[in-house]
Amino acid sequence: HEALVRGPAGSPLESPQELFAAARDGGRFVELGIISIQEVLRSFAVRELPGLLFLNLSPQLVAQRGFDQERARDFLSGIGLDAQRVVIELTEEYPTFDFRLVQESLALYRSMGFRVAIDDLGEGGDSEVACDSGRNCGPSS
């Protein structure tokens, strides 16, 4: 399952690109990202859907400082969702972003059991790369 966030139907913010661009312009990008992630995780857990949940996240959001593992574990536990069922899929929205910083942040998520897939990061093409918990990356197809 892939999470798709949309703004109000029929509004100029309906597309995720416009919605998140407006949030970025208004200084609320991180806040919108966090709220979106929480709501998507809650919805996935409540529906008791089988399989994995893919979350498309920008490197900018992944690399935010202040991530609290204990708080995240409590949240996941509270909604009854195992981190191993969640795949963080990085987008190429910021292909020139400092990937070293992103990798450091992903180490925290991996240590909690989250999976990681890198979708076109810095490639500008249609390749997708999956990374396992040992930080080994390769084509996912």
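Looking at the stretch 1-39, which of its residues are open to solvent by less than 80 Å² (accessible area, probe 1.4 Å) and in contact with a strand residue (DSSP E or B) (Cβ under 8 Å, 6 or more places away or on another chain)?
Within the stretch 1-39, ALA3, GLY33, ILE37 meet the criteria.
Hey, can you tell me all the residues within the stretch 45-65 that are within 15 Å of GLN84 (Cα to Cα) and either open to solvent by 70 Å² or more (accessible area, probe 1.4 Å) or touching a residue at least 40 places away in the same chain (Cβ under 8 Å) (or both)?
GLU48, LEU49, PRO50, GLY51, LEU52, LEU53, PHE54, LEU55
For ARG42, state whether it is assigned to a loop (DSSP other than H, G, I, E, B), basic (Lys, Arg) and either modelled with pLDDT under 95 or open to solvent by 40 Å² or more (accessible area, probe 1.4 Å) (or both).
Criteria not met by ARG42.
Restricting to the stretch 66-102, count the residues that are modelled with pLDDT under 90, within 15 Å of the chain's Cα centre (by Cα) and surrounded by fewer than 16 Cβ atoms within 10 Å (Cβ to Cβ).
Looking only at that region, the number is 1.
The values are calculated or read from the model by the stated rules, or taken from the named source; none is laboratory data. Here the structure is a predicted model, which is why all the values come from computation and not from measurement. Note: ideal-geometry Cβ built from the backbone for every residue, glycine included; neighbour counts use all protein chains shown. For the accessible areas, the whole protein counts, side chains as well, though only heavy atoms, and no ligand, DNA or RNA atoms are used. Shrake-Rupley method; radii C 1.70, N 1.55, O 1.52, S 1.80 Å.
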